[in-house]
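**Student:** Next up is a structure, given as structure tokens.
The values are calculated or read from the model by the stated rules, or taken from the named source; none is laboratory data. Computed from a predicted structure; not experimentally measured. Neighbour counts are summed over all protein chains in view; Cβ atoms, including those assigned to glycine, are modelled from backbone coordinates with ideal geometry. Side chains included, ligands, DNA and RNA excluded: accessible areas come from the protein's heavy atoms. Shrake-Rupley method; radii C 1.70, N 1.55, O 1.52, S 1.80 Å.
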Amino acid sequence: MTNEQIQQVIDELKALNAKTAKEVEEARIRFLGKKGSITALFEEFRTIAPEYKKLYGKALNVLKQEAIAKIEELREAAENDIASGRAVEDMSLPGSGYELGSRHPVSIVRQEIVDIFRKFGYDVAEGPEIEDDWHVFEALNFPPNHPARDMQDTFFVSAGHKNPLLLRTHTSSVQVRAMEKLKLPIRVICPGRVFRNEAISARAHCIFHQVEGLYIDENVTFADLKQAILLFVREMFGADAKIRMRPSYFPFTEPSSEVDVSCNICHGKGCNICKGTGWLEIMGCGMVDPNVLEANGIDSKKYSGFAFGMGIERIAMLKWQVNDLRHYFENDLRFLHEFDSALEV
Ligand code: PHE
């Protein structure tokens with residue numbers, strides 16, 4: 001080993017000017033690779049006389065550290081050039097691509113429901129998620145202390161006043177706002193998120209989504225309600241779907257009913273989804289109680305109307321035979337990706 005040999009590598013390193021990542025990598029191999037010039041000097045170092053070891057050892061180590069630092073510096077510069085778009089590496093390399101998101105199953109079904117009712121001439125109305133007691137309960141014929149309030153366990157934001165703030169338990173509150181604001185006749189649907197203080201299980205969640213509907217005009221009858229629901233169900237579940245109405249109770253409708261749709265899995269024969277009955281419950285509905293119309297300044301002698309409300313997750317579960325509501329909220333990509341193709345619907 002001679003001083004000249006070492007000096008030559010130092011000069012080469014000084015003159016090194018690699019611009020692209022590829023050139024930097026080639027330089028690294030040239031200097032520090034298995035057959036690189038610095039590696040070769042280290043090989044030779046093993047054979048030199050012991051009295052020179054200290055001197056040359058130090059010089060070689062300094063050289064190696066400098067080479068590593070310089071190559072690292074050049075690599076960073078090359079990467080920055082690529083990141084800032086100053087350098088285009090290899091145009092034939094595959095691009096990094098964009099991961100496109102897809103729509104959530106709840107939003108797909110919400111859109112489907114909205115589209116069906118839009119076709120029937122309904123407008124979409126939205127309202128606040130943090131509501132007051134008046135819009136969620138009182139204007140809907142739930143007086144304070146009425147036992148029907150127990151049907152919807154409520155999250156209160158500020159309790160204790162006359163008109164406390166709370167998280168809406170249904171989007172019927174938006175129907176009240178529609179009655180306050182819109183001119184008659186009214187034909188709206190109200191999609192949105194609702195909140196109930198329920199224990200989370202396969203069939204219940206403290207957050208879910210609803211679409212509620214309201215139609216108020218002169219001479220609206222229960223037959224109109226039944227026909228509107230039948231048309232919706234046929235659009236949603238297929239032309240051969242049937243409905244069944246069972247008497248029920250809601251403070252804001254009279255008479256009230258719950259609607260079942262014929263099971264689209266076993267077609268009425270009975271299966272474990274419909275628990276052997278052939279029917280699946282999908283919504284509540286009824287004729288708007290005259291008290292509700294009057295509370296919202298509508299003449300109940302002249303006008304009548306119907307209202308209905310359904311849970312979007314419930315419809316989505318039936319449509320795709322999902323057996324656990326919690327899947328909709330956990331955002332497991334394996335679950336969500338199953339609905340990618342549903343976008344084309
Ligand atoms: N608001 C009711 C609920 O959330 C559903 C409903 C709406 C029932 C309209 C009748 C009429 O359970």
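**Student:** Just give me the residues in the stretch 133-144 being open to solvent by 10 Å² or more (accessible area, probe 1.4 Å) and part of a loop (DSSP other than H, G, I, E, B), in sequence order.
**Tutor:** Result: ASN141, PRO143, PRO144.
**Student:** Does ASP123 qualify as being exposed (fewer than 14 other Cβ atoms within 10 Å of the Cβ), within 14 Å of the ligand (Cβ to nearest atom) and in the same structural domain as PHE232 (by TED's automatic domain parsing)?
**Tutor:** The answer is no for ASP123.
**Student:** On to the next question. Residues that are under 26 Å from GLN152 (Cα atoms) and open to solvent by 60 Å² or more (accessible area, probe 1.4 Å): which strands (runs of 3 or more DSSP E) entirely in the stretch 163-260 hold 2 or more of them? I'd like the intermediate steps shown before the answer.
**Tutor:** Details: elements: 165-167, 186-195, 207-218, 243-250.
Strands (runs of 3 or more DSSP E) meeting the threshold: 186-195, 243-250.
**Student:** Separate question: Of the conditions (1) modelled with pLDDT under 95; (2) in a helix (DSSP H, G or I); (3) surrounded by 11 or more Cβ atoms within 10 Å (Cβ to Cβ); (4) not small (Gly, Ala, Ser), GLU89 satisfies every one except a single condition; which number is it?
**Tutor:** Status for GLU89: all satisfied but (2).
**Student:** Taking the criterion of being out of contact with any helix residue (DSSP H, G or I) (no Cβ under 9 Å at 6 or more places or on another chain), more than 10 Å from the ligand (Cβ to nearest atom) and under 19 Å from PHE208 (Cα atoms), would at least one residue in the stretch 257-269 satisfy it?
**Tutor:** no
**Student:** Would you pick out the residues in the stretch 276-315 that are in contact (Cβ under 8 Å) with a residue 24 or more places away in the chain, away from the ligand (no atom under 16 Å from the Cβ) and surrounded by fewer than 18 Cβ atoms within 10 Å (Cβ to Cβ)?
**Tutor:** Once the filter is applied, which keeps residues that are in contact (Cβ under 8 Å) with a residue 24 or more places away in the chain, away from the ligand (no atom under 16 Å from the Cβ) and surrounded by fewer than 18 Cβ atoms within 10 Å (Cβ to Cβ), the stretch 276-315 yields GLY297, LYS302.
**Student:** For the stretch 111-132, indicate whether the set of residues that are assigned to a loop (DSSP other than H, G, I, E, B), among the hydrophobic types (A, V, I, L, M, F, W, C), within 30 Å of VAL188 (Cα to Cα) and free of Cβ contacts under 8 Å to residues at least 40 places away in the same chain is non-empty.
**Tutor:** No: zero hits.
**Student:** Oh, and also: From the list LEU333, LEU318, pick out the single residue that is surrounded by fewer than 19 Cβ atoms within 10 Å (Cβ to Cβ) and more than 16 Å from the ligand (Cβ to nearest atom).
**Tutor:** Unique residue meeting the criteria: LEU333.
**Student:** Could you say which residue among GLU313, GLU330 is closer than 20 Å to HIS209 by Cα and touching a strand residue (DSSP E or B) at 6+ places or on another chain (Cβ under 7 Å)?
**Tutor:** Result: GLU313 is the single residue among GLU313, GLU330 that is closer than 20 Å to HIS209 by Cα and touching a strand residue (DSSP E or B) at 6+ places or on another chain (Cβ under 7 Å).
**Student:** Being within 27 Å of SER92 (Cα to Cα) and out of contact with any Asp or Glu (no Cβ under 9 Å at 6 or more places or on another chain) narrows it down to one residue among GLU73, GLU43, GLU4; which is it?
**Tutor:** Only one candidate passes the filter, namely GLU73.
**Student:** Now, a different point. Taking CYS263 and the conditions (1) touching a Cys at 6+ places or on another chain (Cβ under 9 Å); (2) open to solvent by 30 Å² or more (accessible area, probe 1.4 Å), which numbered condition does it fall short on, given that it satisfies the others?
**Tutor:** The number of the failed condition is (2).
Quick grid of which residues meet (1) within 13 Å of the ligand (Cβ to nearest atom); (2) at pLDDT 90 or above:
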| position | (1), (2) |
| --- | --- |
| ASN141 | yes, yes |
| PRO144 | no, no |
| PRO147 | no, no |
| ASP153 | yes, no |
| LYS162 | no, no |
| ARG168 | yes, yes |
| ARG187 | no, yes |
| CYS190 | yes, yes |
